[in-house]
Every structure is written in structure tokens, then in C-alpha cells.
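Here is the structure we will look at, set down as C-alpha cells.
The values are calculated or read from the model by the stated rules, or taken from the named source; none is laboratory data. Just so you know, these numbers come straight off a predicted model, no measurement behind them. Reconstructed Cβ throughout: ideal geometry from the backbone, glycine too, with neighbour counts over all protein chains shown.
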């Protein structure tokens, strides 16, 4: 496997970094070209990754306010959908990234 991550990325709660050996099935779910040190090594398609789950549906998004609406909850939700979250992204940036990827945020 010749691809190398540019920064730490979590997929299904497992963190991978620039020195990690990323399994092919995990690498295929990391579709943000900014996540890879050499984005030209593997072309990225515009098709979103399928949502996880037995029925193909993702869990409901966290609330946008009140208990359970913090950044950590949104990171977990985004990563469960295969949306790469930058380490320094704010909660609102994560919500925007999830919506931009075509997933529900309400």
C-alpha cells in the first residue's frame, strides 16, 4: 500500500496517522483528498461512501444545541459516515462538512 495520511484521521473510532499502515478497506472510506499526503496517488470519486449499518442507514445526527451537541458528538457522527474531520475543525465546520457530504444534520 503506497498511500500515506497527511494527518491523524479516525474511522469507526480507530485513529490512523501519517505513520500508520491503513488497511485498504479503511483507506477506501477516507475520501477527502486533504487527508492524504499524496492526493494524486489515488483519484477520488464524487460518489459518497455508503452509510454504515445493517440497513444502510446512519444513526440520527446529534442535536445542534443542548446536551449531546458538543464537538465530540459531531466528530463521532461525521466519522461514522466516513466524513474526514480535520483535527482543528470546529463543531460548526464539522456540521457543514457532514451536510456538504450529503448526510442529514437535522
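Annotations
- In summary, residue 60 fulfils each of the numbered conditions (1) touching a helix residue (DSSP H, G or I) at 6+ places or on another chain (Cβ under 8 Å); (2) farther than 29 Å from residue 18 by Cα with the single exception of condition (1).
- Scanning the stretch 79-97 for residues that are in a helix (DSSP H, G or I) and in contact (Cβ under 8 Å) with a residue 24 or more places away in the chain returns 79, 80, 95.
- Residue within the stretch 44-60 that is modelled with pLDDT of 50 or more, over 11 Å from residue 82 (Cβ atoms) and touching a strand residue (DSSP E or B) at 6+ places or on another chain (Cβ under 6 Å) present: no
- Residue match in the stretch 20-31 (condition: surrounded by 12 or more Cβ atoms within 10 Å (Cβ to Cβ), touching a helix residue (DSSP H, G or I) at 6+ places or on another chain (Cβ under 6 Å), modelled with pLDDT of 85 or more and on the phi < 0 side of the Ramachandran plot): no
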